[in-house]
């Protein structure tokens, strides 16, 4: 590991009207070190990142030192870049319709030839050199970015962020694997290790605690805007890290209860094909939770959409509650008692400008309409009761949903679909991008849904979680269900082995 301190921050505070988001926060990151930053949503992580980047102006008194150089605070984002601080956000800032070389060239501008046109040969050469510098010379500079896996896109974003630095000092990776399939994560983590080995200090922000133990050297927990502890990762276990994050020992989500499974078969599919799914077969009983997992392109996502009528079947049979009438559309599926909680919460789960109530009632608009008029008062009280049951914070039905944390927004999405009292619920990546506390609450809601008699399917790449939560796990590969796991076989190692 390279010697010396890459980043030292002391007395970093940030006050917004009516709220102190950071309180005398401090952190030190050594060169060549991967330093995790963990905390619940709303703990101050985003404010810290924006303050470090120059987007937010800290309160007076903050001290920020980069590789021995004390920065004059406040400063603008270009100053952070000039001093070798780079940021990779969840939104990578890349253009899907441009090539790799074009994306790499965008921040600095394009090379030109003698007549003022773009020198594409020089652009390709620069792109190859840059990718080789980061150990990824196999990436084709002429490939359209949108055709590449998310892990590869993230690697390209990292290379671009560090491209102009003769000596990069610090890179901040903010939830880089939040939307990434399990199989791609390892590739990105290997790249992060390579970056640290080159002497760069890495701040790694993630809700996926298994990645912290797998990747990081040290960890700082932030709670209520304060540094509540910095430790060597090797000195912590899962429970002690969770306690550091939430301030108390967290009761883990309930494991599956075999006693909830009933004899009634709610969902039965045989030789089902559609989308990427090929001749899949299985059944789900009332009160049963069945997990579905697989690599990107395995068909696991499409199976959920197929069972909701969002993808039309091209072969095989599907029966819901004994009725084999084909599902013509998602609306038809809803009429048949099927709910689908989508994996992409921002694009498919919520309408950002609308209130919590408006979002929650979208699936059942007719409930509070009488004579063409919408009965707002009883609708709001009904929504408030829904949010109370799901512990949505704050429970303010008129609040715009974009103002909520990811975990609380996800609970509103659950309210929207569970308010239909469905007999079959499909959850697609239900805890993607939410913190450890909200994750436990969401899983317990899923457990209660099954206990109330619904058949439940969870499409997920959170292997340890579904092993605990699900009665059975279907593993998919190349569009087919290749294994069904129960009992002691429901473990990460066995699932991973079967997905390849």
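Every number here is computed from the coordinates shown, using simple stated rules; none is lab data. Predicted model, so just to flag it, every value in this text is computed and none were measured. Cβ placement follows ideal geometry from the backbone for every residue including glycine, while neighbour counts extend to all protein chains displayed.
For this structure, a couple of remarks:
- Net length gained if the chain between residue 97 and residue 197 were fully extended (0.36 nm per residue, minus Cα distance): 32.8 nm
- Rel. contact order, % - alpha carbon contacts under 8 angstrom, at least six apart, the chain: 16 percent
- Against the main long axis of the alpha-carbon atoms of the chain, helix 406-418 sits at an angle near 10°.
- Global geometry of segment 161-280, whether rounded, prolate or oblate, following the gyration tensor of its Cα atoms and the 1.5 cut on a/c: oblate
- Segment 258-499 - percent relative contact order, Cα under 8 Å, separation 6 or more: 29 percent
- Between segment 364-400 and segment 298-329, the Cα center-to-center distance that results, in Å: 31 Å
- Global form of segment 258-499, assessed from the alpha-carbon gyration tensor, a/c cut-off 1.5: prolate
- Mean separation of Cα pairs under 8 Å and 6 or more residues apart, divided by the residue count, gives segment 5-246 a relative contact order of 30 percent.
- In Å, descending, principal axis extents of the Cα set of segment 5-246: 57, 40, 32
- Rounded, prolate or oblate (a/c below 1.5 giving rounded, otherwise prolate when a/b exceeds b/c) for segment 238-379 by Cα gyration tensor: oblate
- Summed over qualifying helices (DSSP H, 4 residues or more, each -39500 (n - 2.57)) and divided by its residue number, the chain shows a 222 nm mean residue ellipticity of -9000 deg cm²/dmol.
- Here the peptides 361-372, 451-462 are ranked by packing, the mean other Cβ count within 10 Å, and the order with the highest first is 451-462, 361-372.
- For mean projected area of the Cα convex hull in nm², calculated from these coordinates, the label among (i) 27.0; (ii) 25.5; (iii) 33.7: (i)
- Sorting the segments 28-34, 397-403, 286-292 by their residues' average number of neighbouring beta-carbon atoms within 10 angstrom, most packed first, yields 286-292, 28-34, 397-403.
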